[in-house]
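> A single structure is presented below for examination.
Nothing in this text is a laboratory measurement; each read-out follows from the coordinates by a stated rule. No experiment lies behind these values; they were computed from the predicted model shown. Positions of Cβ are backbone-derived with ideal geometry, glycine not excepted, and every protein chain shown enters the neighbour counts.
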Amino acid sequence: MPKLNCSIVLFNNSIYQVENIIKCILNTTFEVKIYLIDNSKISLYKDLITTDKRITYIHNRINMGYGKAHNIAIRKSISDGVPYHLVINPDVSFKKGTLEAIYGFMEGNPDIGLLMPKILYPDGSLQYVCKMIPTPLDLFERRFLNFGHLRKIIEARNNRFELRFADYNDLMNVPFLSGCFMFLRTSALKEIGLFDERFFMYADDTDLSRRIHEKYKTIYYPKVSIIHDHARESYRNRKMLIIHIINVIRYFDKWGWIRDKKRKFYNAKLLEELRHNQIYQ
């Protein structure tokens, strides 16, 4: 029977939200195990453990960050020899059969290290979550300059950064995929490493995606879709904005602000592939 481990990092999420994502994951024919990694100070979710023996609850009692918390469960997947690990946000939902379709595609394409499906807002509109490897200007402009007479210029650059010119109904090999749903091959993680725990949140998915992309394909798979009720906390919460900025600085300190040769190479390769649409055709 196919095996899949999943990890959900929690921080003061609503019980209803957590129950919903658990229900989506457990609605499968797989041998599945869910790790609830709770970064909240006070436990709100202990009762969920008793609902199903496939759920393991870990209460950290401190907010250790997104990637570091997921790594707790990922290490268990690697040590237990589970072939795939799903990193998923609690604000996601999907229909029965979604995991089966993704699992089957991964099994048929061993060169894929990371897969993300099509992601929709609750109203059914598309989320543009396929991105080029960012430059400092890409992130600064879209966050701080996208207003007034600059909006048209910034949106044009943002359209390129988010690949809005591409057909989001086609498979794409993208170096930067969103962290809200990361279907990961554990053998790839064993080779390239887990989330870099220097990143508290936000830049950690960028970093992991590009590291996997150097050795494997990182695929956007639009044959199935999920719903992501994206809150964009750093746009509404000053504290989260500061956290976002700090981790983006750490990211560019690691990879390079201006002289990032790998960024230039992989972005150029991506644009060339999109022009020829050469992904699993």
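> For a footprinting-style exposure proxy, rank H59, H276, H85 by other Cβ within 10 Å, fewest first.
Lowest to highest Cβ neighbour count: H276, H59, H85.
> Quick one: length gained pulling F165 to I242 fully straight, 0.36 nm per residue minus the C-alpha distance?
24.6 nm
> Could you give the length gained on full extension between D52 and L271, defined as 0.36 nm per residue of separation minus the Cα-Cα distance, in nm?
Roughly 74.3 nm would be gained on extension.
> Note down the relative contact order for segment 3-276 as a percent, whole number, built from C-alpha pairs under 8 angstrom at least six residues apart.
Rounded, it is 23 percent for segment 3-276.
> Would you calculate the separation in nanometres between label points at I258 and N109, each defined as 7 Å from the Cα along the Cα-to-beta-carbon direction?
Here the answer is 3.8 nm between the modelled labels.
> Under 13 Å from the Cα of K33, which aspartates and glutamates turn up, not counting those fewer than eight places away in the same chain?
D52, D80
> While we're here: Show which aspartates and glutamates lie in cross-link reach of K254 when reach means a straight Cα distance below 13 angstrom and same-chain residues fewer than eight apart are skipped.
Cross-link targets: D196, E197, D204, D207.
> Excluding C24 itself, calculate the net charge of residues whose Cβ lies under 9 Å from the Cβ of C24, where each Lys or Arg counts +1 and each Asp or Glu counts -1.
+3
> Something else: Using only Cα atoms and rounding to the nearest 10 degrees, what angle (0 to 90) does helix 238-255 make with the longest principal axis of the chain?
Helix 238-255 sits roughly 70 degrees off the main axis of the chain.
> For the pair T28/E214, report the inter-label distance in nm, with labels modelled 7 Å from Cα in the Cβ direction.
2.9
> Using a cut-off of 15 Å between beta-carbons, work out the net charge of the residues near L44 (Lys and Arg +1, Asp and Glu -1, L44 not included).
Residues near L44 contribute 0 overall.
> In addition: For E155, E162, what ranking results if the residue with the fewest other Cβ atoms within 10 Å of its Cβ goes first?
In order of increasing Cβ crowding within 10 Å: E155, E162.
> What's the extension gain from I42 to E191 if we count 0.36 nm per residue and subtract their Cα-Cα distance?
Here the answer is 50.1 nm.
> Next up: Which residue, chosen from Y57, S187, N158, occupies the Cα position most advanced towards the positive end of the dipole of the chain, where the dipole is computed from +1 (Lys, Arg) and -1 (Asp, Glu) charges on Cβ about the Cα centre?
N158
> In addition: For helix 15-26, report the angle its Cα long axis makes with the longest principal axis of the Cα atoms of the chain; keep it between 0 and 90° and round to the nearest 10°.
90
> Something else: Can you tell me the 0 to 90 degree angle between the C-alpha axis of helix 261-276 and the longest principal axis of the chain, rounded to 10?
Once rounded, one gets 90 degrees.
> Given only helices, namely DSSP H runs of n ≥ 4 each adding -39500 (n - 2.57), what is the per-residue ellipticity at 222 nm of the chain, to the nearest 500 deg cm²/dmol?
-11500 deg cm²/dmol, from helical runs alone.
> Here is a follow-up. Only counting other Cβ atoms within 10 Å, I'd like I72, I22 sorted with the fewest neighbours first.
Result, fewest neighbours first: I72, I22.
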